[in-house]
Amino acid sequence: ELPGFYYDAEKNRYFRLLPGHNNYNPLTKESIQYKAMECKRLKLLEEEEKQKKKTTRPGLNTSVLLQKKQLGLLSSRSYCRLVHELKVNCMQRRKIEIHSPDSSVAGTNNFKIIVADVACERIFTVNDVEHGGCKYGIINLSGLGKESLTVEMYDNLYFTNRKVNSVCWASLTHPDSHFRKLCLMGIAETPGCASLLPVSLFSSINPGDRPGILCSFKISTAWSCAWCRNPQADNCFSTGLTRRVLVTNAVTGHRQTFGTSSDVLAQQFATQTPVLYNGCRSGEIFSIDVRQRNRKGQSWKAVRLFHDSAVTSIRLLEAEHYLMAADMAGKIKLWDLRTAKCVKQYKGHHNEYAILPLHVNEEEGLLTAVGQDCYTRIWSLQDAHLLRTIPSPHPSSKDAIPSVVFSSRLGGSQGIPGLLMAVKQDLYHFSYN
């Protein structure tokens, strides 16, 4: 590299770099890097449209897998995992048509976050509003099983002028509650608030019959949220704030505060025990047993793990002996909670400063993550092998990072398998077929 110059491989010569404020010929390193990334994205999209994806493992195809299973060389679990790998590499992109009872809703706002419920029957969406702030909605996936891919999207009457940082599904089972099935919690920035919204807000019934927000209270800047499904801490949820963790009972209103030395950017409750795992901006991951009372100092921390950069997402595996964590250095690590050691690393993820989620599908043996470069990558959970890299249908930018949901049962127990990708104003389905 020569200072003040850049090398053009096509023309085989050097060109002078000009200041970014030059309106006549703004040739900067950023514009050169963006042009190179866009050429790579368009090339990958063209390759995907021309031919089906090949397997990432030599000699792996359906007939070989079936033969090995019949000979007893493969267990049923390994066979299913490898078949999912093959299908993931053959997924084809199709655009989904979004219908809405309110015609002004669909196609007017950019998708920011999509989160599926446990059964993958519905998706909660957060959309950026043109005049600032965010709007909430719910997409019903029952129409995905038909030949024409259509979904129903319902908006609510509420929207917030604040940025939504985190969303999770909740289940309120208190006998005095009129909302026994599913509720939602959204988190916003300073001046922050935590809100628990009943799903009945998002329906086509008369707006006058809709209930109000179930629970809402003001807090300081909030970064993350998590709902507890363990019966020992029933109806409790947590919010990760600036230098503290706030655990709240949605029915009684009782709160517990745990002070931390850093901002809590990621959270998840264990299901077998009432333990909350937290990922911090400092790179520390620690657990809290919410049954204990508040203590001063750091003596209440149980498991403690450390990354070199800010932790942006954590996911517990089903047996709860392992924890997956991603950070702002682009590293994804699998930790053994029993030995507090890193046992695997998943390479290829790209991140520098964004809070990006991880998606773990143990039944299919897959790990999915979207990078800051707008590429969606899928790894094998077992051996950390990168199976597929999916380019975004839209040009890469900070406000066009895709949000994805993967499941083998999109639309419920009788649903279809595949990947949902929300980017800009569009929703795409990557089908196994």
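The values are calculated or read from the model by the stated rules, or taken from the named source; none is laboratory data. Keep in mind it's a predicted model, so treat the numbers as computed, not measured. With ideal geometry, Cβ positions are generated from the backbone for all residues, glycine too; neighbour counts draw on all protein chains shown. With ligands, DNA and RNA removed, areas are computed over all heavy atoms of the protein, side chains included. Shrake-Rupley method; radii C 1.70, N 1.55, O 1.52, S 1.80 Å.
For this structure, a couple of remarks:
- Scanning the stretch 380-403 for residues that are assigned to a strand (DSSP E or B), open to solvent by less than 40 Å² (accessible area, probe 1.4 Å) and more than 16 Å from LEU45 (Cβ to Cβ) returns SER380, LEU387, SER403.
- Taking the criterion of being among the β-branched types (Val, Ile, Thr), buried (at least 16 other Cβ atoms within 10 Å of the Cβ) and within 16 Å of LEU337 (Cβ to Cβ), the only residue of the stretch 245-276 that qualifies is VAL275.
- Selection of the stretch 310-327 for residues being modelled with pLDDT of 95 or more and not in a strand (DSSP E or B) yields only ALA310.
- No other residue among GLN70, GLN33 is at pLDDT 80 or above, open to solvent by 60 Å² or more (accessible area, probe 1.4 Å) and not aromatic (Phe, Trp, Tyr) apart from GLN70.
- Just one of the numbered conditions (1) over 17 Å from the mean Cα position of the chain (by Cα); (2) closer than 20 Å to GLY371 by Cα is not true of VAL245: (2).
- So TYR432, is it farther than 21 Å from GLN268 by Cβ and surrounded by fewer than 19 Cβ atoms within 10 Å (Cβ to Cβ): yes
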